[in-house]
Structures are given as structure tokens and as C-alpha cells.
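Since the structure comes first, as C-alpha cells, the remarks are kept for the end.
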């Protein structure tokens, strides 16, 4: 069971608000049961700000001129 004695941590991450999670569940009852268990004794951190994804992204711009090319 999810509610064992001792310190057990589970981290859920999502780019959607819980109100939008119903799109991922076929049955609303399954969603409600899942959310009930997840948020029963939860600490929720709602983080906002600039994403770390892509911070090492390098962009290379290449310009190609039209060349006349004949197959021989």
C-alpha cells in the first residue's frame, strides 16, 4: 500500500494542472481515486519561472545559395 510506516517520498511532475489530468484517464472514478491518494498527505510545490530545458542549446544558422547543378 502507499501508506506504509516510515518516511517514503514520491515525486510527481507534470506540465499540466491536476484539473487537466482528466484528459489522461478513461474513467473519472479512477482519476478521483488516484488524486485522493496522491493529495491525501501531500506537500505541493507549484514552480513557475524560466525552464532549465534547452539552456545548453546551441543554434547554428546555415545559409545555402542556390547552385546550378547538372547531373552528368
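Since every read-out is calculated from the coordinates, none of them should be taken as a lab result. Fair warning: this is a prediction, and the values are worked out from it, not measured in the lab. Cβ placement follows ideal geometry from the backbone for every residue including glycine, while neighbour counts extend to all protein chains displayed.
Below, the figures for the structure above:
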{"quantity": "Angle between the chain longest axis and helix 28-39 axis [Cα atoms, degrees, rounded to 10]", "calculated": "80"}
{"quantity": "Calculated FRET efficiency for the pair residue 55/residue 5, C-beta based, R₀ 35 Å, to 0.05", "calculated": "0.30"}
{"quantity": "Three-way shape label, the range 22-70, alpha-carbon gyration tensor, a/c 1.5", "calculated": "oblate"}
{"quantity": "Extension reserve of the residue 25-residue 63 stretch, reckoned as 0.36 nm per residue once the Cα distance is removed", "calculated": "9.0 nm"}
{"quantity": "Inter-probe distance in nm under a simple model that places probes 7 Å from Cα toward Cβ, at residue 36 and residue 16", "calculated": "2.1"}
{"quantity": "Alpha carbon Rg of the range 1-48, scaled by the compact-globule rule 2.2 N^0.38 Å", "calculated": "1.27"}
